[in-house]
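Written below as structure tokens is the structure these notes are about.
The values are calculated or read from the model by the stated rules, or taken from the named source; none is laboratory data. Keep in mind that what you see is a predicted model, and the values were worked out from it rather than measured. Neighbour counts are summed over all protein chains in view; Cβ atoms, including those assigned to glycine, are modelled from backbone coordinates with ideal geometry. Calculation scope for accessible area: heavy atoms of the full protein, side chains included, ligands and nucleic acids excluded. Shrake-Rupley method; radii C 1.70, N 1.55, O 1.52, S 1.80 Å.
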Amino acid sequence: MKPIQIAIDGPASAGKSTIAKIIAQDLGYVYVDTGAMYRAATLAVLKAQIDPQDEQAVSQLVPKLVVTFAPGEDQQEVFLDGQNVTAAIRSQAVVEHVSVVAAYQTVRQVMTAKQRELAQSTNVVMDGRDIGTTVLPQAQVKIFLVASVKERAERRYKENQAKGINQTETLAELETAIKERDYLDSHRALSPLKQAQDAVKLDTTGLTIDQVVAKAKALIAEKL
Ligand code: C5P
């Protein structure tokens with residue numbers, strides 16, 4: 001039987017990974033965080049002291065990288081060439097440069113191929129920006145998750161606080177950074193962030209995680 005593919009796309013900090021993780025766990029599907037893959041590539045670029053603006057150098061490095069996932073105690077762990085980078089890929093330096101690195105053709109080709117491979121033989125819940133449009137256009141369920149930028153910034157701020165992350169950015173700065181990343185992701189030439197024609201938009205502004213999960217599950221039940 002053809003594996004089931006659930007695609008969850010949307011702008012930064014819309015709650016995609018939180019929702020995708022819960023749904024994957026409940027359904028017993030594999031969760032694939034494609035943003036983590038672009039973040040790991042960006043971390044590798046920075047570690048190699050390559051200028052993220054240098055497309056040629058970035059394009060030479062990224063195909064050589066091995067990015068893998070493994071279940072951790074309370075979250076999925078991300079590995080770059082065998083090294084655990086789960087925390088490092090969330091750093092501000094990575095966030096600042098990821099949209100530039102993710103816009104390059106070679107980077108997108110490499111990541112898209114890996115993502116398709118991961119979805120080939122097992123049921124997946126995959127979240128990102130271009131899953132419904134480019135990576136898995138045949139996905140049986142496509143959800144486009146949105147929320148007001150104000151609420152997305154507030155959620156991220158609270159999440160960082162709860163995780164004990166030393167926040168150097170104010171809430172207003174966080175909001176600006178989110179807007180900038182959305183702008184870059186939506187305006188790039190290749191696979192920009194946009195709702196697939198056959199995706200269902202879910203606005204999570206003012207909703208709790210449980211409410212969003214319930215809505216997403218109702219949608220999945222309708223489609224599968
Ligand atoms: O989802 P997350 O915020 O971790 O994604 C980090 C960045 O990776 C995005 O801002 C975007 O530039 C890039 N990305 C992408 N395509 C995806 C997933 C993420 O270009 N499918």
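Observations, loosely collected:
- Filtered residue count, the range 32-77, keeping only those that are within 16 Å of the chain's Cα centre (by Cα) and more than 24 Å from residue 192 (Cβ to Cβ): 5
- Candidate set from the range 125-141 (those that are part of a strand (DSSP E or B) and within 13 Å of the ligand (Cβ to nearest atom)); member that is surrounded by the fewest Cβ atoms within 10 Å (Cβ to Cβ): 126
- Strands (runs of 3 or more DSSP E) wholly inside the range 19-92 that include at least 2 residues being without any contact (Cβ under 8 Å) to a residue 12 or more places away in the chain and surrounded by fewer than 16 Cβ atoms within 10 Å (Cβ to Cβ): 67-71
- For beta carbons closer than 7 Å, sequence separation of 6+ or different chains, a first residue in the range 202-224 that is exposed (fewer than 13 other Cβ atoms within 10 Å of the Cβ) and a second that is in a helix (DSSP H, G or I), the qualifying pairs are 205/151.
- Cross-chain or 6+ apart pairs with Cβ under 7 Å, the range 143-166 first and outside the structural domain of residue 87 (by the TED database) and in contact (Cβ under 8 Å) with a residue 12 or more places away in the chain, then assigned to a helix (DSSP H, G or I) and acidic (Asp, Glu): 149/175; 150/175; 153/175
- Residue in the range 101-121 that is assigned to a helix (DSSP H, G or I) and under 26 Å from residue 173 (Cβ atoms) present: yes
- Candidate set: the range 155-185, residues that are closer than 19 Å to residue 203 by Cβ and open to solvent by less than 60 Å² (accessible area, probe 1.4 Å); chosen: the one nearest to the ligand (Cβ to nearest atom): 185
- Single residue of 151, 169, 159 found to be in a loop (DSSP other than H, G, I, E, B) and of a type in the set (D, E, K, R): 169
- Scanning the range 99-131 for residues that are acidic (Asp, Glu) and within 16 Å of the chain's Cα centre (by Cα) gives 127, 130.
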